[in-house]
Amino acid sequence: MKKNNNSSNQGFYNWGNSSGANTTPNFDFSQMAQNQDAQQPTLESEINKYSHMSEERLMQEMFALVNAGRQNGTLDNAKLEEFFNSASCMLSSEQIVKLRSLIDMAKQS
């Protein structure tokens, strides 16, 4: 999953003073947590994103992501293994075999 490193502070401060006086901003931590959650995709949102795709389309998408990750330096064989290990606990034995095959193909690309 891609982490959004947006450093914008918009929405985090409630200045509450339009008079121009110099005051310390009040933090709304609940709003900050909601904003961070909205920026980072959840596992459920990622599953929903791919659930309607055919197997062929999923493979195309996966290899496109693998190639992009390798080119920009964010993906290597260790991260592919980490993904396999974290995802396999949610899969059937048939799906694990298929994912293992895909990960092995991705390692060779």
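A few points about this structure:
- Distance in nm between pseudo-label sites at residue 62 and residue 47 (7 Å out along the Cβ direction from Cα): 1.7 nm
- Take each peptide in 45-54, 92-101, count the other Cβ atoms within 10 Å of every residue, and average; sorted highest first, the result is 92-101, 45-54.
- Residues in segment 42-97 average 75 Å² of solvent-accessible surface per residue, probe 1.4 Å, ligands and nucleic acids excluded.
- Charged neighbours of residue 76, selected by a Cβ distance under 11 Å, balance to +1 (K, R count +1; D, E count -1).
The values are calculated or read from the model by the stated rules, or taken from the named source; none is laboratory data. Just so you know, these numbers come straight off a predicted model, no measurement behind them. Methodologically, a virtual Cβ is constructed for each residue, glycine included, from the backbone with ideal geometry; neighbour enumeration extends over all protein chains shown. When the accessible area is computed, the model is the full protein with side chains, heavy atoms only, and any ligands, DNA or RNA have been set aside. Shrake-Rupley method; radii C 1.70, N 1.55, O 1.52, S 1.80 Å.
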